[in-house]
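Here is the structure we will look at.
The values are calculated or read from the model by the stated rules, or taken from the named source; none is laboratory data. Everything quoted here is computed from the prediction, not taken from an experiment. Cβ atoms come from the backbone with ideal geometry, glycine included; neighbour counts cover every protein chain shown. We work out accessible area using only protein heavy atoms, side chains counted, and drop any ligands, DNA or RNA first. Shrake-Rupley method; radii C 1.70, N 1.55, O 1.52, S 1.80 Å.
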Amino acid sequence: MRITEDCIACDVCIPYCPVKAISMGDDIAQINDDECVECGVCFRSGVCPTDAFQETPLEWPRIIRKVLSDPLVESPDTRVPGRGTEEVKTNEVSGRIKLGWAGIAIELGRPGVGTRFTDVQKVTMAMAAMGGVFEHENPVTFWITDQKTGKLREDILNEKSLSAIVEVAFPIDKLKAAIQKLQEVSKQLDTVCSVVTAVKVSPDGSFSTDKIFKELGLTPYPNSKNNVGLGRPLFKFEEVS
Ligand code: SF4
Ligand code: SF4
């Protein structure tokens, strides 16, 4: 994103940037390229009285900022707009988390904070060290060069996005250790981080994660998303006795 010489230094756009990348220069407003996540909010908001915002063509690796920060842009890898993943929320249709497994979606960054990929890599490496299986249909997974170490491509490490989601699955008996590892690594992050776990509900209506969270002293906030016939599962349901 750039600001052209049409800017009249009116200040109006400054609060619209979710990562505070716009500031007032000597004569016109300016964008800190290192902080800008290419979300397009300043451009799309239409607040500029002189239409001084101009979108610029983005090349690799800077393009990943836009892929993860602009909800109108589709990930070229997963063909999903937003952050490029349908997440565990669609599990009832996709069946990505099987019985006996737990999925974890770790979201790094938020409006006002954002995340650098050096921090995303700390999480992918920690989860790889615990033997996690990364979700295939997720853009961050496409940028992991080695699934065993969780290392990301070197050329994206200094990139920044509004947020990024790491999705990884563990057999349920490995979940407790994986969350403990996550708690440990979260202390080294220079951003905020929120965690969702997903499991299939057991036939008796219980969650296999309840006992684990209790042992960890964590209070989960359960949510359920139910298919009311608007979508058909793309996988064969497992038989449960
Ligand atoms: S594109 Fe987004 S991050 Fe960049 S200056 Fe505009 S609002 Fe801020
Ligand atoms: S709203 Fe437009 S004219 Fe006003 S400071 Fe921002 S870029 Fe400049």
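Is there a pair in Lys20/Lys148; Lys148/Lys236; Lys148/Lys200; Lys20/Lys98; Lys98/Lys151; Lys160/Lys236 whose C-alpha atoms are over 32 Å apart, and which pairs would that be?
From the list (Lys20/Lys148; Lys148/Lys236; Lys148/Lys200; Lys20/Lys98; Lys98/Lys151; Lys160/Lys236), the Cα-Cα distance tops 32 Å for Lys20/Lys148; Lys20/Lys98; Lys160/Lys236.
Round to the nearest 10 and report in Å² the accessible area of Arg153, as given by a 1.4 Å probe over the protein chains' heavy atoms.
Near enough 90 Å² of accessible area.
Among Thr191, Thr50, Thr118, whose mean-square fluctuation peaks in a Gaussian network model of the chain (Cα, cutoff 10 Å)?
Answer for the Gaussian network model of the chain: Thr50.
For segment 78-216, what D do you get in µm² per second when you plug the Kirkwood radius from alpha-carbon pairs into Stokes-Einstein at 4 °C and 1.567 mPa s?
85
Classify segment 1-56 as rounded, prolate or oblate from the Cα gyration tensor: take a ≥ b ≥ c as the square roots of its eigenvalues, call it rounded if a/c is under 1.5, otherwise prolate when a/b beats b/c and oblate if not.
rounded
What FRET efficiency would be calculated for the residue pair Gln180, Tyr221, taking the C-beta separation as r and a Förster radius of 30 Å, to the nearest 0.05?
According to the calculation, E is roughly 0.95.
Which one, Thr50, Pro18, Ile28, projects farthest toward the positive side of the charge dipole computed for segment 1-56 from Cβ point charges (K/R +1, D/E -1)?
Pro18
Based on the alpha carbon coordinates of the chain, what radius of gyration and maximum Cα-Cα distance (Dmax) apply, in Å?
Cα radius of gyration and Dmax of the chain are 20.3, 72 Å respectively.
Can you give the accessible area of Ile179, probe radius 1.4 Å, in Å² rounded to 10?
The accessible area of Ile179 comes to roughly 10 Å².
For segment 1-120, what is the charge dipole size about the Cα centre, in debye to the nearest 20, if Lys and Arg each add +1 at the Cβ and Asp and Glu each add -1 at the Cβ?
Charge dipole, segment 1-120, about its Cα centre: 720 debye, nearest 20.
In deg cm²/dmol and to the nearest 500, what is the mean residue ellipticity at 222 nm of the chain if only DSSP H runs of at least 4 residues count, each as -39500 (n - 2.57), divided by the residue total?
Mean residue ellipticity at 222 nm (helix-derived): -5500 deg cm²/dmol.
Count charges around Ala169 for me, please; just the other residues with Cβ under 11 Å from its Cβ, Lys/Arg as +1, Asp/Glu as -1.
+1
Using only Cα positions of segment 93-136, each an equal point scatterer, no hydration layer, compute I(q)/I(0) via Debye at q = 0.28 Å⁻¹ and quote the log10 values to two decimals.
-1.07
Quick one: net charge of Thr219's neighbours, Cβ under 15 Å, K/R +1, D/E -1?
0
How much length is gained on full extension from Phe142 to Ser45, taking 0.36 nm per residue of separation minus their Cα-Cα distance?
Taking 0.36 nm per residue and subtracting the Cα distance, the gain is 31.8 nm.
Probe 1.4 Å, all protein chains in place: accessible area of Thr78 in Å², nearest 10?
Its heavy atoms expose roughly 10 Å² to the probe.
Give me Rg/Rg_expected for segment 133-209, where Rg uses Cα atoms only and Rg_expected = 2.2 N^0.38 Å with N residues.
Rg over 2.2 N^0.38 Å, computed on Cα atoms: 1.27.
Highest mean first, how do 52-59, 32-39 rank when packing is the count of other Cβ atoms within 10 Å averaged over residues?
Most protected by this proxy first, the peptides run 32-39, 52-59.
For the Cα atoms of the chain, what angle does the longest principal axis make with the long axis of helix 175-186, in degrees from 0 to 90, nearest 10?
The answer is roughly 20 degrees.
Counting only protein heavy atoms and a 1.4 Å probe, tell me what percentage of the chain's accessible area is made up of carbon and sulfur.
It is 53 percent, rounded to a whole number.
Need one number: nm distance between label points at Ser206 and Lys98, each 7 Å from Cα along Cα→Cβ, rounded to one decimal.
2.3
Quick check: the angle from helix 117-129's long axis to the longest principal axis of the chain, C-alpha only, nearest 10 degrees?
The angle comes out at about 10 degrees.
In square angstrom, what is the accessible area per residue of segment 1-56 with a 1.4 angstrom probe?
That works out to 55 Å² per residue.
For segment 78-216, with only Lys/Arg (+1) and Asp/Glu (-1) charged at the beta-carbon, what is the dipole magnitude about the Cα centre, in debye rounded to 20?
Using only the charged Cβ atoms, the result is roughly 140 debye.
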